[in-house]
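Trainee: Mind having a look at this structure? Questions to follow.
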């Protein structure tokens, strides 16, 4: 494997025959034959963050045809402290669900019809297309599978929440795209009920290959894209994007505060891509969380520093905020980049803000980058006032912190 120009990259639970090259932020989690850990200040060689095992995973559900020609959905089993693939030595552990246990939805189906099928105990298979939602899709039953084909696009109208998951165990969401509607939604996808703390570590809910878009295709607004209130949730490959180009794009047009809010405890996330939101891009309020690989670009378009200020005397907004009430959190391979394009200097005081009381080395392999050779402003510190700045003085050069606190 030759990694050419990918600035940031995550490989999870795979087997490599070799890996060469690296740009800014290469993370390997549970990968056989991964390159050795190499992340330094100042940077030397290829920037590799390597974890021998992934703490908790479940591969996403997929459709297959059995020997009798029947369609089924396979749900892989939960794994802990795993490395390599699930299928390299034969059939992967898991269970099958016949397609007859799914409501196969089309964009012409009403939300009422979809919710009725879910309430009657069916799983949900969303075929390709754009689903205009006049109300919330409600997932209330434990172990429900909601699987999208061809990234079905869910668009909430009239400011509704696009999808909500009750505080139940074992729900699997995969292959979905949430596209904010023209009337502001408080949240696009809400998983669980805040402060309920009802979950089962042996059967966690998972959110995999689920993407969010605020503007870009059509004008859209949503305060929060993804809110995770349940405990023990697995988040696996999320791209939350407030559009920086396309249709309906502008500081007051495609408004969105935050891409991800985690209120649940013991949530594990792999591959968070969260870009261009207007306040904290990620807020992590839950205890015992783990984040493996984070990629962020701060918003390009704040018109002035006054329009983008976290608090008096604190420029900008941190990309990743761990709440002061959190006592344990682990982060690996986390990068935040700036490119302010309005022709005025805009600064962020910090890329990351976390409690200074976290255990030693809770955060590992952090970096910031100034993405232009002729831009404005930048990020003044990597984390909590430490690590140095990335500005026009050091464009395209990673500013790193190996360990914090």
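Quick note: the coordinates plus some simple rules give every number you see, no bench work behind them. Note that the structure is a prediction, hence the values are computed from the model and not measured. No Cβ is skipped: glycine too gets one built from the backbone with ideal geometry, and neighbour counts run over all protein chains shown.
Trainee: Using just the alpha carbons, could you tell me how many Å³ per residue the convex hull of segment 61-187 encloses?
Mentor: Residue-normalised Cα hull volume stands at 128 Å³.
Trainee: Which translational diffusion coefficient, to the nearest whole µm²/s, is obtained for the chain from the Stokes-Einstein equation, given a Kirkwood hydrodynamic radius over C-alpha pairs, 4 °C and 1.567 mPa s?
Mentor: Calculated translational D: 60 µm²/s.
Trainee: For segment 296-371, rounded, prolate or oblate, judged on the Cα gyration tensor with a ≥ b ≥ c (square roots of eigenvalues), a/c < 1.5 rounded, else prolate if a/b > b/c?
Mentor: oblate
Trainee: Let me ask something additional. Would you mind ranking 214, 97, 137, 130 so that the residue whose beta carbon has the fewest other beta carbons within 10 Å leads the list?
Mentor: Going from sparsest to densest Cβ surroundings: 130, 97, 137, 214.
Trainee: Once you keep just the Cα pairs under 8 angstrom separated by 6 or more residues, what percentage relative contact order results for the chain?
Mentor: So the answer I get is 9 percent.
Trainee: Additional query: Please sort 383-390, 366-373, 161-168 by packing, taking for each peptide the average over its residues of neighbouring beta carbons within 10 angstrom, highest first.
Mentor: Ranked from most to least packed, the peptides come out as 366-373, 161-168, 383-390.
Trainee: Among 180-191, 140-151, what's the highest-first ranking by average C-beta atoms within 10 angstrom per residue?
Mentor: In descending order of packing, they fall as 180-191, 140-151.
Trainee: Please list, short to long, the whole-number percent of alpha-carbon pairs of segment 1-77 in consecutive 5 angstrom bins beginning at zero.
Mentor: 3, 13, 20, 18, 12, 10, 9, 7, 4, 2, 1, 0
Trainee: A further question on this structure: Using the count of nearby Cβ atoms within 10 Å as a rough guide to exposure, how do 199, 338 rank from fewest to most?
Mentor: 199, 338
Trainee: So for segment 33-128, averaging the separation of alpha carbon pairs under 8 Å that are six or more residues apart and normalising by length, what relative contact order in percent results? Show your work: numbers first, answer last.
Mentor: On the way: 127 pairs, mean separation 17.8, N = 96.
For segment 33-128, the relative contact order is 19 percent.
Trainee: Let me ask something additional. Calculated FRET efficiency, residue 100 and residue 77, Cβ-Cβ r, R0 22 Å, to nearest 0.05? Can you show the working numbers first?
Mentor: On the way: r = 22 Å, r/R0 = 1.01.
For residue 100 and residue 77, the calculated efficiency is 0.50.
Trainee: Show me 292-303, 354-365 ranked by packing, highest mean number of other Cβ atoms within 10 Å first.
Mentor: Descending packing order for the listed peptides: 292-303, 354-365.
Trainee: In whole angstrom, how far apart do the alpha carbon centroids of segment 328-365 and segment 259-313 sit?
Mentor: Answer, in whole Å: 9.
Trainee: Give me the number: length gained by fully extending residue 108 to residue 304, i.e. 0.36 nm times residue separation minus the C-alpha to C-alpha distance, one decimal in nm.
Mentor: Value of the extension gain: 66.2 nm.
Trainee: Once you've got the GNM for the chain with C-alpha springs shorter than 10 Å, pick whichever of 27, 210, 314 has the biggest mean-square fluctuation.
Mentor: In this elastic network of the chain, the residue with the biggest mean-square fluctuation among 27, 210, 314 is 314.
Trainee: Turning to a different aspect of this structure: Find how much the distance from residue 253 to residue 136 grows on full extension, using 0.36 nm per residue of separation minus their present alpha carbon separation; answer in nm with one decimal.
Mentor: Length gained, residue 253 through residue 136: 39.8 nm.
Trainee: Taking the alpha-carbon centroid of each part, what is the distance from segment 109-141 to segment 152-210 in angstrom?
Mentor: First find each Cα centre; the distance between them is then 12 Å.
Trainee: Once every DSSP H run of n ≥ 4 in the chain is given -39500 (n - 2.57) and the sum is divided by its residues, what mean residue ellipticity at 222 nm do you get, rounded to the nearest 500 deg cm²/dmol? Could the numbers behind the result be given before it?
Mentor: Working: 1 runs with 9 residues, N = 405.
Dividing the helical sum by the residues of the chain leaves -500 deg cm²/dmol.
Trainee: Among 135, 213, 242, which comes first, then next, by fewest other beta-carbon atoms within 10 Å?
Mentor: So the ranking, lowest neighbour count to highest, is 135, 213, 242.
Trainee: For segment 202-356, what does the alpha-carbon gyration tensor say about shape, rounded, prolate or oblate, given a ≥ b ≥ c as the root eigenvalues, a/c under 1.5 as rounded, and a/b over b/c as prolate?
Mentor: oblate
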